[in-house]
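Here is the structure we will look at.
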Amino acid sequence: MRVFKDKSSLQRSRLFMLLRHYVVLVLVFMAEKPLFMLYADGLQRHYSIRDWIMVVWHGLPIDLSVAGYLLLLPLVIVIIGIWLDSFPVKRVIQVYDAISALVLSSVFIADTVLYPFWGFKLDASVLFYLKTPKEAVASVSPWMVVLGIVVILLWAMCIYVLLIRSLKPVSVPFNKVLMRVPITLFNLVLLAPLFLAIRGGMSESTMNVGRAYFSSDQFLNHSAVNPGFSLLSSLSKTTRFDEMYNYLDENRRAELLEGLYRTTDEDTEILLNTDRPNILMVVLESFGGDFVHAISGREDVSPRLDSLIGEGVFFSNCYAGSFRTDRGLICIMNGHPGLPKTSIMKLPTKSAALPSLPASLSEAGYETYFMYGGDINFTNMKSWLFGTGFRNIVADTGFTLAQRHSNAWGVNDDITFDRLLKDLRERTDSLWFTGFLSLSSHEPFDVPYHRLPDKVDNAFAYTDSCLGDFVDSLKQTPVWDNLLMVILPDHGFRYTRNGLSSDPHVHHIPILWIGGAVREPKVIDRLIGQTDLAATLLGQLGIGHSEYLFSRNVLSGSYSYPFSFYTYNNGLCFIDSTGVTLYDDDASECLINDSDGSEIRLDRGKAILQTLYDDLEER
């Protein structure tokens, strides 16, 4: 038994023990990734050594985070030992390690064994099977159950032995006896780097599953994700979606929903001169109709966008489907309305089950690409981008450090638009679909542009000038000839403090189609929703869209009941030719409810929201 010269030597020994514990946990997590790949894939896809290394490397941030979580309790135990000389620090940590090893092994083995059947990482859905264990193992032979238990115990023993070996004390001679308070404070200082590892750094985004995503191959992305983190992350979000917003009985819900969304491509009005244009989707941050002359009557903020409206197809009566970027992108790319209190983007298993424009276009021969100058780990955007079908992605890390700090949210719009222009000029693919998301027209509205005295107006004017310069330059290239450029915002913006952020005028947004592929300028004034873009665009290309349950081809002859539906933080709005119904679920009352047709509008809005959550539960 090692004898320490003084208490400070003992404390430093415990500090080294904690550090070794952390390293052991990280190394275990790293080792589990190739083991997962070997079992789940069985070398069938012949991945290169680089792929295996990239899986381990991109999964490392989440591994560091999980190891940080697991080290919190040992750190607390060590601090208790500072004040209680007789406290059995080593023995308590040994018990904790035994429990941790068994849990970690169970999660890893379960994730590895189930993945070939499920096709996604271990998540909260496993709890539904544990409620009925007899049925859960009904199709598995008793020997397989026994084998699984044995493997779990063996791997748990390996983890436990490694952790226990790291408990071996290391004596660092230090003759001066430190007092308990300074020693405690020193140990508490460790919380700073520990919480930094847990959080995933100091960026806007906190640690999430998408941090490990790096490839268009979902198996590689899933292999990089720590199964313990995947399970805990889903547990923190788990709920029975079909139990939310249960306004109506099932028969009434189905009756009200019947015929609202189904459209065919029969008698579709064709707006393009080709059915296979290259497509550029420019999503302008928060650029609602308040800043566009054709909608609000204001002439000072977006003169470049206003001038382009006369050159293309302008959808003048559209409403955004939600109120945040993570919801707005789902509306645009997945043709799925945004949800109150739930972000589908943060639920990788659910979002990957939705149809998407990138996936539909990829099947039709399009190469897919996405650019955003911000942090794509924010709101789990990274996993959604890969899961939704984008093959190539450029984000803030693709720019210089100085460029990445040109805006509070990342890279300013003039820089990203210039990079986008350069990349488009170099595209050699026969067909491509590119998505682009701007960011400068966002709080705190600090931009390198000074045309308007109002800070908010000026930020939107800056984005407008960047857009105009980009289009001018793009017109001078061969890219323009076969291009369909779709311009729209992710959501609207409440410009004034008057009124509600949920008001229809805030959600009224522009959608503009321009480019050499557009047949002729035209204004489409029929009432539509942002989610209708997906089916409408696919209808122009002759690509089926029946899997888009909440998107309509508004240029089809079958579009017979124009309406728009959107949600906000805890409410819904339904608009049709009879008027507007804005319903607040917290208050259980309508904030706006035009008299004509008010009851049926409210019921239809409730039926849609209820159906959205029922559908989400089933995916």
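Taken over segment 575-593, the residue count meeting the criterion of being touching an Asp or Glu at 6+ places or on another chain (Cβ under 7 Å) and under 16 Å from Arg526 (Cβ atoms) is 1. Within segment 17-27, the residues that satisfy the criterion of being of a type outside the set (A, V, I, L, M, F, W, C) and open to solvent by 10 Å² or more (accessible area, probe 1.4 Å) are Arg20, Tyr22.
Residue pairs whose Cβ atoms lie under 8 Å apart, separated by 6 or more positions or on different chains, with the first residue in segment 87-113 and farther than 20 Å from Gly148 by Cβ and among the polar types (S, T, N, Q) and the second open to solvent by 30 Å² or more (accessible area, probe 1.4 Å) and part of a helix (DSSP H, G or I), are Gln94/Ile164. Here Trp513 passes the criteria (1) within 12 Å of Tyr566 (Cα to Cα); (2) touching a strand residue (DSSP E or B) at 6+ places or on another chain (Cβ under 7 Å) except the one numbered (1). Taken over segment 390-399, the criterion of being charged (D, E, K, R) and in a loop (DSSP other than H, G, I, E, B) is satisfied by Arg391 alone.
Before we move on, is Ser588 open to solvent by 50 Å² or more (accessible area, probe 1.4 Å), free of Cβ contacts under 8 Å to residues at least 12 places away in the same chain and among the polar types (S, T, N, Q)? It is true that Ser588 is open to solvent by 50 Å² or more (accessible area, probe 1.4 Å), free of Cβ contacts under 8 Å to residues at least 12 places away in the same chain and among the polar types (S, T, N, Q). Within segment 400-420, if we keep just the residues that are in contact with a strand residue (DSSP E or B) (Cβ under 8 Å, 6 or more places away or on another chain) and in a loop (DSSP other than H, G, I, E, B), the residue that is surrounded by the most Cβ atoms within 10 Å (Cβ to Cβ) turns out to be Val411. Just one of the listed residues (Arg276, Arg298) is free of Cβ contacts under 8 Å to residues at least 24 places away in the same chain, open to solvent by 20 Å² or more (accessible area, probe 1.4 Å) and part of a loop (DSSP other than H, G, I, E, B), and it is Arg298.
For residues that are outside any loop (DSSP other than H, G, I, E, B) and of a type in the set (D, E, K, R), scanning just segment 440-463, find the one that is farthest from Gly492 (Cα to Cα).
Lys455
Look at (1) in contact (Cβ under 8 Å) with a residue 60 or more places away in the chain; (2) of a type outside the set (Ser, Thr, Tyr); (3) closer than 16 Å to His505 by Cβ and you find that His293 fails only one, number (1). Between Thr342, Thr268, Thr263, the distinction of being farther than 20 Å from Leu541 by Cβ, buried (at least 17 other Cβ atoms within 10 Å of the Cβ) and β-branched (Val, Ile, Thr) belongs to Thr342 only.
Each row is one residue, and each column tells you yes or no for (1) in contact with a strand residue (DSSP E or B) (Cβ under 7 Å, 6 or more places away or on another chain); (2) closer than 27 Å to Thr567 by Cβ.
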position	(1), (2)
Leu431	yes, no
Leu439	yes, yes
Pro444	no, yes
Asp454	no, no
Ser465	no, no
Asp469	no, no
Ser473	no, no
Asp481	no, no
Tyr495	no, yes
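Among the candidates Gly492, Gly529, Gly515, the residue that is at positive phi and among the small types (Gly, Ala, Ser) is uniquely Gly515. Counting only residues that are open to solvent by 20 Å² or more (accessible area, probe 1.4 Å) and either aliphatic (A, V, I, L, M) or within 14 Å of Ser286 (Cα to Cα) (or both), segment 421-444 holds 4 of them.
Sub-6 Å Cβ pairs linking a first residue in segment 555-570 that is assigned to a strand (DSSP E or B) to a second residue that is modelled with pLDDT of 95 or more and β-branched (Val, Ile, Thr), at least 6 apart or interchain, are Ser564/Ile575; Phe565/Ile608, ordered by first then second residue.
For (1) surrounded by 24 or more Cβ atoms within 10 Å (Cβ to Cβ); (2) touching a Lys or Arg at 6+ places or on another chain (Cβ under 8 Å); (3) closer than 20 Å to Ile575 by Cα; (4) of a type in the set (D, E, K, R), each residue gets a yes or a no:
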{"residue": "Phe287", "(1), (2), (3), (4)": "yes, no, no, no"}
{"residue": "Phe291", "(1), (2), (3), (4)": "yes, yes, no, no"}
{"residue": "Arg304", "(1), (2), (3), (4)": "no, no, no, yes"}
{"residue": "Glu311", "(1), (2), (3), (4)": "no, no, no, yes"}
{"residue": "Ile332", "(1), (2), (3), (4)": "yes, no, yes, no"}
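Exactly one residue out of Ser362, Ser316 is assigned to a strand (DSSP E or B), touching a strand residue (DSSP E or B) at 6+ places or on another chain (Cβ under 8 Å) and either farther than 24 Å from Thr206 by Cβ or open to solvent by less than 10 Å² (accessible area, probe 1.4 Å) (or both), and it is Ser316. If we scan segment 567-585, do we find a residue that is aliphatic (A, V, I, L, M), surrounded by fewer than 20 Cβ atoms within 10 Å (Cβ to Cβ) and under 26 Å from the mean Cα position of the chain (by Cα)? For segment 567-585, residues aliphatic (A, V, I, L, M), surrounded by fewer than 20 Cβ atoms within 10 Å (Cβ to Cβ) and under 26 Å from the mean Cα position of the chain (by Cα): absent.
Selection within segment 603-619: residues that are out of contact with any helix residue (DSSP H, G or I) (no Cβ under 6 Å at 6 or more places or on another chain) and at pLDDT 90 or above. The member of this set that is surrounded by the fewest Cβ atoms within 10 Å (Cβ to Cβ) is Asp615.
Of all residues in segment 307-318, those that are under 19 Å from His505 (Cα atoms) and touching a residue at least 24 places away in the same chain (Cβ under 8 Å) have Cβ atoms under 8 Å from Cβ atoms of residues that are surrounded by 21 or more Cβ atoms within 10 Å (Cβ to Cβ) and charged (D, E, K, R), 6 or more apart or on another chain, in Cys318/Asp532. Scanning segment 203-211 for any residue that is free of Cβ contacts under 8 Å to residues at least 40 places away in the same chain and either open to solvent by 20 Å² or more (accessible area, probe 1.4 Å) or of a type in the set (Val, Ile, Thr) (or both) turns up at least one such residue.
The values are calculated or read from the model by the stated rules, or taken from the named source; none is laboratory data. All values reported here derive from a predicted model rather than from experimental measurement. Neighbour counts are summed over all protein chains in view; Cβ atoms, including those assigned to glycine, are modelled from backbone coordinates with ideal geometry. Surface areas here come from the heavy atoms of the whole protein model, side chains and all, with no ligands, DNA or RNA. Shrake-Rupley method; radii C 1.70, N 1.55, O 1.52, S 1.80 Å.
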